[in-house]
Amino acid sequence: MMDNIILIGFMGSGKSTVGIRLSYRLRRAMEDTDKLIEKEEGRTISEIFAADGENYFRELETACLKKLLRTMKHKIISTGGGLPIREENHALLKKLGTVVYLRAEAETIYERVKHDTSRPLLQGENPKEKIRKLLKERVSVYEMAADIVIDVDHKDFDTILDEIEKAVSE
Ligand code: S3P
């Protein structure tokens, strides 16, 4: 197993922000699968979804994980919220390092993403309902993929970082 710390969780659970702060605190570089995919493809996630669909994007996520396994050591890696959906990705995540699930309730998520237009799965009518439905489908998937679960609702970032730091060092 490699010694990366990988953050998983629903859109808006704070993976990117927690990842950046954790990378400062632990003095490790940070990577983000969405950003790596956008760079490699030369287009945004929304453009990929619109032109080639979600399945194609999921293929790119698995390919990205495989690439990370060949190259990444001692990093903080933030992932797209749907990356753990594919079961084959679980083994890849575990090989990559310690998997930390940032668990958030639908209300917390809605408050964080309500003005966002960059997430194709939450656009259109009734985003609150979409969040509830998707979250319900995914919670057990995240829990299965995770080594560590951190509840993030109503906590400030320092508290979340303290909890992650403690859990990964145990
Ligand atoms: C997705 C989450 C997004 C991005 C894409 C699909 C999902 O990443 O990968 O829009 O299926 O949950 P974030 O979790 O960083 O928003």
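The values are calculated or read from the model by the stated rules, or taken from the named source; none is laboratory data. Quantities reported herein were computed from a predicted structural model and do not represent experimental measurements. For neighbour counting, all protein chains shown are included, and Cβ atoms are generated from backbone atoms with ideal geometry for every residue, glycine included. Ligands, DNA and RNA are stripped out before the accessible areas are found, and what is left, the full protein with its side chains, is counted by its heavy atoms. Shrake-Rupley method; radii C 1.70, N 1.55, O 1.52, S 1.80 Å.
Collect the residues in segment 141-164 that are under 20 Å from THR79 (Cα atoms) and open to solvent by 70 Å² or more (accessible area, probe 1.4 Å), keeping them in residue-number order.
GLU143, MET144, ASP147
For LYS67, which of the numbered conditions (1) charged (D, E, K, R); (2) within 25 Å of SER169 (Cα to Cα); (3) open to solvent by 50 Å² or more (accessible area, probe 1.4 Å); (4) at pLDDT 95 or above fails to hold?
(2)
Of all residues in segment 9-29, how many are within 13 Å of the ligand (Cβ to nearest atom) and crowded, with 17+ Cβ neighbours inside 10 Å?
Final tally of qualifying residues: 9.
So, in segment 114-140, how many residues would count as being loosely packed, with under 13 Cβ neighbours inside 10 Å, over 16 Å from the mean Cα position of the chain (by Cα) and away from the ligand (no atom under 13 Å from the Cβ)?
The qualifying residues number 7.
Can you give me the number of residues within segment 30-58 that are open to solvent by less than 80 Å² (accessible area, probe 1.4 Å), of a type in the set (Lys, Arg) and without any contact (Cβ under 8 Å) to a residue 12 or more places away in the chain?
Number of matching residues: 1.
Go through (1) more than 12 Å from the ligand (Cβ to nearest atom); (2) within 23 Å of TYR24 (Cβ to Cβ); (3) open to solvent by 10 Å² or more (accessible area, probe 1.4 Å) and name the single condition VAL99 misses.
(3)
Please go through segment 32-52 and give me each residue that is more than 10 Å from the ligand (Cβ to nearest atom) and in a helix (DSSP H, G or I), ordered by number.
Once the filter is applied, which keeps residues that are more than 10 Å from the ligand (Cβ to nearest atom) and in a helix (DSSP H, G or I), segment 32-52 yields LEU36, LYS39, GLU40, GLU41, GLU47, ALA50, ALA51, ASP52.
Which residues, taken from segment 102-113, are within 15 Å of the ligand (Cβ to nearest atom) and surrounded by fewer than 16 Cβ atoms within 10 Å (Cβ to Cβ)?
If the condition is that a residue be within 15 Å of the ligand (Cβ to nearest atom) and surrounded by fewer than 16 Cβ atoms within 10 Å (Cβ to Cβ), then GLU111 is the only one that fits.
Among the residues in segment 78-101, are any more than 25 Å from PRO120 (Cα to Cα), touching a Gly at 6+ places or on another chain (Cβ under 9 Å), touching a residue at least 12 places away in the same chain (Cβ under 8 Å) and of a type outside the set (Val, Ile, Thr)?
no
Can you find, within segment 68-96, the residue that is nearest to the ligand (Cβ to nearest atom) among those that are closer than 17 Å to GLU40 by Cα and of a type in the set (Val, Ile, Thr)?
Among those that are closer than 17 Å to GLU40 by Cα and of a type in the set (Val, Ile, Thr), it is THR79.
The conditions are (1) assigned to a loop (DSSP other than H, G, I, E, B); (2) more than 24 Å from ARG119 (Cα to Cα), and GLY12 fails exactly one of them. Which is it?
Going through the list (1) assigned to a loop (DSSP other than H, G, I, E, B); (2) more than 24 Å from ARG119 (Cα to Cα), GLY12 breaks only (2).
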